[in-house]
Each structure stands twice: as C-alpha cells, then as structure tokens.
Amino acid sequence: MIPGPARPIAEGLRESAGSAALLARYEAAQAIARVLQPIARSSAPGIDLQVGNVDLRDGVLWIAVRSAAESAKLRQALPRMLAALTANGWQVYEMRTRVQAGATSYPGQGTAVPSSPEMAFSEASNRSIAAVETAARGLPESALRRAVERLAATLRRKQR
C-alpha cells in the first residue's frame, strides 16, 4: 500500500467520531482561553488560562487554578467573563473552578525561585533557626517532628 500525501493530524482525527469529539473540545477550550485570558490576567495577575486549564461541558465552564485566591479573583470577574463569552457566541450558564495544588511550586520542593517572583525569600536569622531546632527537639518522634527538622535544615542551607 502506497501512503497518500501527508495530512494534518487534526484532519485525521476528525474522521473518527470519538477523536472528532475530543478535538472539538480541545478547539473550544483553546478559543475560550483566548477570549478569557485578558480578563483573567486583569483580575488575577499571573494566571495563565491554557487549554489544559479550561473546559466547557454542558454549559458549565471549568477553570483549573493554582490557589483558592485565584479562584476568588476569577469569581469576582465572572460577570465580565460571561459577557465576553456570550459576545463571542459561547453559551455558558455557570463557571466553576478547581484548585490544582500540584501546579504551584513551593520553596525547597524542586525549585529555587519563589512562587511569587515579586517577593524574595527572606533570610532567616541564627536566632530564628535555633528556635525552630529547639521546637523540633521538644516534639515527640513523629511526622511533625521530622517536618520541623527538615524546615530547620532548609533554613540553615538557605542561610549559607
């Protein structure tokens, strides 16, 4: 069998009913994210509405956010967001958010930059590190004690 000319992947996906529905959802999420991105950024600076963060199902718009604070900011912008979607031909009756905590980065857990770039890490003093170490020694052997010991070690490392 001689293969035909190369075709775009999207064209091949549209030939199957299951993949056509998936592709339609992806394209809808892409279009919605483009419409909402300016509004979202004006109300919650730093938010990034991408295809993986936006999903429209049965008139309910789901948006994945990094924190409850971002969710609250988006809820405040809900009237503007719904108006923009309606103006672009999308029928959205409700907006829901879900917090995806795995999307955030916390200091000491795989990243050297703060989760809020405008806020630098504060230096810990010897006295504050000693207080954390004393608190750890005062705890019974437990997961909490190990966590406080790790905190003290992290503070010592960051101090150097």
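Laboratory data are not the source of any read-out in this text; all were calculated from the coordinates shown. Because the structure is predicted, anything quoted here is derived from the model rather than measured. Every residue, glycine as well, gets a Cβ built from its backbone with ideal geometry; the counts of neighbours run over all protein chains shown.
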**Prompt:** Of the GluC sites (Glu not before Pro) in the range 121-152, which ones lie in a loop per DSSP and count no more than 13 other C-beta atoms within 10 Å?
**Reply:** E123, E141
**Prompt:** Which whole-number percentage describes the relative contact order of the range 11-103, with Cα contacts under 8 Å and a sequence gap of 6 or more?
**Reply:** 28
**Asked** Using θ = phi - 60° and the Karplus form 6.51 cos²θ - 1.76 cosθ + 1.60, what ³J(HN,Hα) does each residue of the range 31-41 get, whole Hz, x for Gly and Pro?
**Response** 5, 5, 4, 5, 6, 8, 3, x, 5, 4, 5
**Prompt:** With labels modelled as points extended 7 Å from the Cα through the Cβ direction, what inter-label distance (nm, one decimal) is found for E149 paired with L22?
**Reply:** 4.7
**Fill in**
Expressed in nanometres to one decimal, the distance between label points 7 Å along Cα→Cβ at T86 and S42 is 1.7
**Request:** Can you put M81, M95 in order of Cβ neighbours within 10 angstrom, beginning with the fewest?
**Result:** M95, M81
**Request:** Would you mind checking which residues have amide H under 5 Å from A64's amide H? H placed 1.01 Å from N; only 5 or more apart, or other chain.
**Result:** V54, R98
